[in-house]
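Here's the structure we're looking at; comments come further down.
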Amino acid sequence: MTRLTEDYKESEADMARLRDLDIDDNAVDQYDLGSDAIDETILITKQETSEYLQVLDQCGYKELMKKLEERNSKWKDIQIKLAITGKTGSGKSSLINALRGLKNDDEGASKTGCVETTKVPTPYPHPNNKNIELWDLPGVGTENFKKKEYLTKVNFKEYDFIILVSSNHFTSKDSWLAEQIQDKFKNHNLFFIRTKVDNDLENMDKGNRQPMTARDKQKELLKIRKDCEVNLMKGNIVNPRIFFVNNHSTDAYEFDKFANALVHKMNGLKRDAIVLSLTSLTEEIVEAKVETLKIRLNYVSRRAAMAAVHSNREAGERKECIILKDEITFYKQQLGIDTRSLEIVAKRFKLDIEEVLMHYIRKPMQY
Ligand SMILES: Nc1nc2c(ncn2[C@@H]2O[C@H](COP(=O)(O)OP(=O)(O)OP(=O)(O)O)[C@@H](O)[C@H]2O)c(=O)[nH]1
Ligand SMILES: [Mg+2]
């Protein structure tokens, strides 16, 4: 392993660097603390501050540290459920695998195939957050899930998102189900996923004498979208949110847009939970992650400051270093610039990890 890679690794070196910042505690004024970079809108409110001061007064330092820590880990306890339904073979299980960052033959992946495989509702936890569950549901009108009992067997009220999948025309059963969801479940977040567009374009191309141009492909995709809309209109679904995907390649078509839409539909802690659990690094998701991380910073810096005050500094104790290092590691993981993520990127683009570091990341994170 070369020096550059070693430098970048989360290691004892990070701790040492923080420890070596031998700041004279009485001379803080000489440092530019970057106050011009502070966004007023994300500061802790006065009310929250007085609540924290009360905790400190009444319960002491440890309790306040616990409260600040709890504030930043609350998102991990939030449950989010996604229901994925659609006709047999439409690609439900493959979509779940794609959203979990798995290939169909990976361990723990939802079973996929040409024969009917999803027979009972089955939850699949997201690998980054077990409280985000993707439910693989048998489609409406299958053997044990007949149309007339579907809505009692699948209580859509329990789900934060309902995703209706089709690999072809949305059928009358699909538009019926969409209409029922629209009418019976207020505040539903209903998305339509059209899978296997890769197959459609490839098949069309094979049937032609001339290879299809990018423009031809665009035209075909527009036709497919129109067809989806027309069929869903039969269930009075106006302006459906349809996304085209190839479950085998999440870089293609509208998989990214779909991931963005999941984030946009959520608020508060649910949004934090989705944003901090998603691995799909679209520009919008990176922005949403940064926004969420900036807010965390308020609470972490207070914890670090408290820990610094309660460290035996004469004996060289710097409890704040541990807090800050853990947080830095968390930011790196979130933004895909930790060693593991960089190795994945390097492998994917057939680059050496050194090249990724040199060309795409200007320098190792500075403190
Ligand atoms: N080319 C292509 N194939 C896909 C896509 N999505 C799924 N498939 C394939 O289609 C077949 C069926 O996919 P599944 O994910 O098992 O479909 P399902 O809806 O879970 O099927 P059931 O469990 O039987 O209801 C598998 O062979 C998948 O690999 C896609 O977007 N593009
Ligand atoms: Mg399945």
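The values are calculated or read from the model by the stated rules, or taken from the named source; none is laboratory data. These numbers come from a predicted model, not from an experiment. Methodologically, a virtual Cβ is constructed for each residue, glycine included, from the backbone with ideal geometry; neighbour enumeration extends over all protein chains shown.
Side notes on the structure shown:
- Residue list for the range 76-106, restricted to those being in contact with a helix residue (DSSP H, G or I) (Cβ under 6 Å, 6 or more places away or on another chain) and either at pLDDT below 85 or within 15 Å of ligand 2 (Cβ to nearest atom) (or both): I84, G86, N104
- Hits in the range 107-161 (condition: aromatic (F, W, Y) and away from ligand 2 (no atom under 12 Å from the Cβ)): F145, Y150, F156, Y159, F161
- Residues (touching a strand residue (DSSP E or B) at 6+ places or on another chain (Cβ under 9 Å), assigned to a loop (DSSP other than H, G, I, E, B) and away from ligand 1 (no atom under 13 Å from the Cβ)) located in the range 78-113: I78, Q79, G101, G108
- Boolean, S73 is more than 14 Å from ligand 2 (Cβ to nearest atom), assigned to a helix (DSSP H, G or I) and either buried (at least 21 other Cβ atoms within 10 Å of the Cβ) or free of Cβ contacts under 8 Å to residues at least 40 places away in the same chain (or both): yes
- Hey, E63 in contact with a helix residue (DSSP H, G or I) (Cβ under 6 Å, 6 or more places away or on another chain) and either within 28 Å of G141 (Cβ to Cβ) or more than 13 Å from ligand 2 (Cβ to nearest atom) (or both) or not: yes
- Evaluation of I344 against (1) in contact with a helix residue (DSSP H, G or I) (Cβ under 9 Å, 6 or more places away or on another chain); (2) modelled with pLDDT under 85; (3) within 23 Å of G101 (Cβ to Cβ) (one fails), failing number: (1)
- Qualifying residues in the range 152-167 (those that are touching a residue at least 40 places away in the same chain (Cβ under 8 Å) and in a loop (DSSP other than H, G, I, E, B)) - the one surrounded by the fewest Cβ atoms within 10 Å (Cβ to Cβ): S167
- Of everything in the range 308-354 that is under 19 Å from I285 (Cα atoms) and of a type in the set (G, A, S), the residue that is surrounded by the fewest Cβ atoms within 10 Å (Cβ to Cβ) is G336.
- Filter pass, D227 being of a type outside the set (V, I, T), away from ligand 2 (no atom under 16 Å from the Cβ) and farther than 16 Å from L164 by Cβ: no
- Here the condition is being part of a strand (DSSP E or B), without any contact (Cβ under 8 Å) to a residue 60 or more places away in the chain and on the phi < 0 side of the Ramachandran plot; of E149, E133, it holds for E133 alone.
- Residues in the range 186-203 that are of a type outside the set (A, V, I, L, M, F, W, C) and outside any helix (DSSP H, G or I): K186, N187, H188, N189, R194, T195, K196.
- Just so you know, in the range 39-61 the residues that are under 32 Å from the mean Cα position of the chain (by Cα) and surrounded by 10 or more Cβ atoms within 10 Å (Cβ to Cβ) include one that is modelled with the lowest pLDDT, and it is I42.
- Scan of the range 244-285 for residues that are among the acidic types (D, E) and assigned to a helix (DSSP H, G or I), ordered by number: D256, D272, E283, E284
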